[in-house]
Amino acid sequence: MNLKLRLWWGRRRFWAKLALLFAAALAATLFTEAFCNLRAFSTQSLQPLDLAMESLQVDSVLPCEQTMDGVTAEKGKNQSVDLVYDHVDVPLRTVVVAMTGEGVLNVSVSFTDEASANTLVQVYSVYCVADDPALNICYATAESAGTAKELRIRLIPQSDDLFTVTRVTLNAPIPFQWQPIRMALVFAGALLLLCALFLRGFNAAYASGQWAHRLIVIVPLVMLLVFSLFLAQWIQPDLPLFAGVTDEAAAASDDIYAVLFETLRAGRLSVALTPNAELAQMENPYDQSARVSKGVRFKFDYAYYQGNYYIYYGLAPVLTVYAPYYALTGKVPASRDATLLMAWLTILFVGWAVCGVARRYLPGVNVFALSLSCVTAVVSAGTLFLLSSADFYYLAELSFVCFATGAIAFGLHATVQERRRLRFVQYALSGVCFALAAMGRPSAMPMLAAFLTPLFLCELLRKRARVREAAAFLIPAVLGIGAILLYNAARFGGAFDFGSSYQLTVADMRWSGVRLAELPQALYHYLLEPLGWTNRFPYLSVAYHASTAAGRYTFTLSNAGVLVYPVAWAALLAAPAFARFPAAAPALRRERWWTLLLPLIVSLPMMLISYGYAGAILRYTCDFRLFYALAGAGCAMALMSRADTPERKALSALCAALCVLSFFVGFGMLFDNERDYILKNSPQIYYGLQRMFFPY
């Protein structure tokens, strides 16, 4: 701004400034909406031509019924139905196809024209949801070169539902379409950007005692909690939230944690299900090829030991979600609801852990940088895409992320707590969460230990924490881990036998192991494997890959490395980040380095172990994402604060961009994951968002 404009702006009251920025954001929103509807403005002068439905030729392997009211196709998933009109004889600008029925259909428009007289050229493709009034019409832009000759509309149903094409119109004006969700996103983004640029207080240091600062941090996290609620409804729209299931339904369900809860509630260690007698007669019941070739029925992914079925999954979700839910409602939570409750707790713990990093290592951090980093860390830790899968496989990972973050959050805040009694309680809760994390994913515990050890050792060396505080953490942690070892011994005869070698899965796990020669493959899959990119929403994809391992079977599915979340890259800037917040004592400087970066070092050999025993799939990378998210968020917060020179402003802008990109990646991964629950159960959400953004 020039000097006069700065003086004029400086004389405005805060609320006047806010109103002006509000108006500017609204103007930007309206401009964006107009820009996204350019096709509506450019086609208003067209004269529509409705085609008689009986004049269309139907080319299909499916039985179709053609009447003057439309063309109805019988059920046939992935079988194409072509509607052909071979004497268009007019220049084409648009093609509108309307349909009714059920299911999702891919609709593509092709034609021949004066530039391609003998070969059909596809000019448009979109997915329609036949039973959604907002998505059951295809508005295709079809710019022919001169006069079009043959028009071909291909419909490919994505399910076995019945559908009817009711209308085909050539050169119809495309209506102006308001998109409230798109407008809300643009308005919120524009307003936040304008406030960041033009409102005073943007560089304010976070003061936890000020309610305004607390709200700046809390409100975005609350918005994530609300978004998680909508996400859960998208995952299973036909299941009422928190309806619960009966004991009988839980015991017979596919939810392993529900079965485990019912097993323990009955006072049993083995599942109350008798294995097939043929399984006991097999020479090697853990050989998948032998089970399949002999047609032996078995419970997939259960542990089979000494003639009984066991569940080798950890106890943490049962103790913290299933048991309390049952005590309050008398029912067992559905897997979707259990995952939602765990996700809510994870969001709170991750946000509080980031605040703990700021209080411990970055006093005076920028309040907006802290708020942005909290949201970014929640997304980058994998919380939302673990929720979007909503089954017990992902609940196991989510429980580790939840309680590992809880242990970190309570531990960090305990070290800066002035009230001795409250500090004691926080150390104890950190120990409880440490034990629960071990009950969720014991294989990932070395990284959690690597985070907490420098933190607590430094407190002991500084004599701020003494035997009482150490005991407050160690007693619940040791008792919890001791309970796990006793549980193992009671089930499988050995304290350190977690039962994974007895699981009935796609391979004989007893032959899995660690090979140092596979370290490059492990680091690639767990750390570096990139996402795929597309030209449609969500613009990125988690691609299926072929394992580069040789000489043995390796379990592989779709995957993406830890570094696909760009905020993790900020950890590479730890040196300038920490220099911006010099620690008062050398011990605290060393502690900051070790606490945030030692888990990343420990993660590298752990990636090799995980690859050797578990293979390379997306959910296993969540054992590591949390620690990279916390390290990256800590460095990003530092670099986005105290930006008073051109170099610091450039680093601040870079880290802000990394945080925003991480949120974009996290949101996109909700819609392209191993399970695709949203796409399967709520296609109107997925395809509505797809049409909302470019190129539609």
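Every number in this text was worked out from the coordinates using simple rules, so none of it is lab data. Since we're looking at a predicted model, the values are computed, not measured. Backbone-built Cβ (ideal geometry, glycine too); neighbour counts: all protein chains shown.
Annotations for the structure displayed:
- Ordering of 559-566, 156-163 by packing [mean C-beta count within 10 Å, highest first]: 559-566, 156-163
- Rounded to whole Å, the principal axis extents of the Cα atoms in region 460-545 read 58, 41, 31, largest first.
- Between the residues Ala28, His545, Ala465, the greatest Cα displacement towards the positive end of the dipole of the chain, with unit charges on the Cβ of Lys, Arg, Asp and Glu, is found for Ala465.
- Normalised Debye scattering of region 49-170 at q = 0.10, 0.22 Å⁻¹ gives log10 I(q)/I(0) of -0.27, -1.27, counting only Cα atoms as equal scatterers and leaving out solvent.
- Shape box of the chain [Cα atoms, principal axes, largest first, Å]: 89, 88, 52
- The Cα atoms of region 247-318 define a convex hull whose projected area, averaged across directions, is 5.0 nm².
- Judged by the mean number of other Cβ atoms found within 10 Å, the most tightly packed of the peptides 142-151, 96-105, 526-535 leads the ranking 96-105, 142-151, 526-535.
- Other residues lying with their Cβ under 14 Å from the Cβ of Leu626 contribute a combined charge of +1, Lys and Arg counting +1, Asp and Glu -1.
- Taken as Cα centroids, region 559-626 and region 493-516 sit 27 Å apart, rounded to the nearest whole angstrom.
- Per-peptide average of other Cβ atoms within 10 Å, ordering 357-369, 591-603, 479-491 highest first: 357-369, 591-603, 479-491
- For Thr147, the residues whose modelled amide H falls within less than 5 Å of its own, excluding neighbours fewer than 5 places apart on the same chain, are Glu114.
- Net charge of Cβ neighbours under 13 Å - reference Ser652; Lys, Arg +1; Asp, Glu -1: +2
- The chain - charge dipole about Cα centre, Lys and Arg +1 at Cβ, Asp and Glu -1, debye rounded to 20: 4580
- Region 304-435, Rg to Rh (Cα coordinates; Rh as Kirkwood inverse mean 1/r): 1.05
- Listed residues Tyr312, Asn276, Pro476: farthest to the positive end of the dipole of the chain (Cβ charges): Pro476
- Taking a Cβ cut-off of under 13 Å around Gly382, the surrounding Lys, Arg, Asp and Glu residues balance to a net charge of 0, with basic ones at +1 and acidic ones at -1.
- Taken about its Cα centre, region 1-51 carries a charge dipole of roughly 720 debye when the Cβ of each Lys and Arg holds +1 and the Cβ of each Asp and Glu holds -1.
- Signed unit charges on C-beta, dipole axis of region 49-170, positive-most listed residue Leu151, Cys64, Leu51: Leu151
- Legend: helices of the chain (whole DSSP H runs) are marked when their alpha-carbon atoms reach 24 angstrom or more along the helix axis and their mean Kyte-Doolittle hydropathy is at least 1.0; marked are 14-36, 180-198, 211-235, 392-415, 467-492, 622-639, 646-669.
- Amide H contacts of Thr94 (H built 1.01 Å from N, in plane; Pro and chain starts excluded): Ala142, Asn171, Ala172 sit under 5 Å, all sequence-distant by 5 or more or on other chains.
- Distance distribution note for region 614-670: the fraction of Cα pairs above 18 angstrom is 46%.
- Rounded to the nearest 20 debye, the dipole size of region 49-170 about its Cα centre is 260 debye, using +1 on the Cβ of Lys and Arg and -1 on the Cβ of Asp and Glu.
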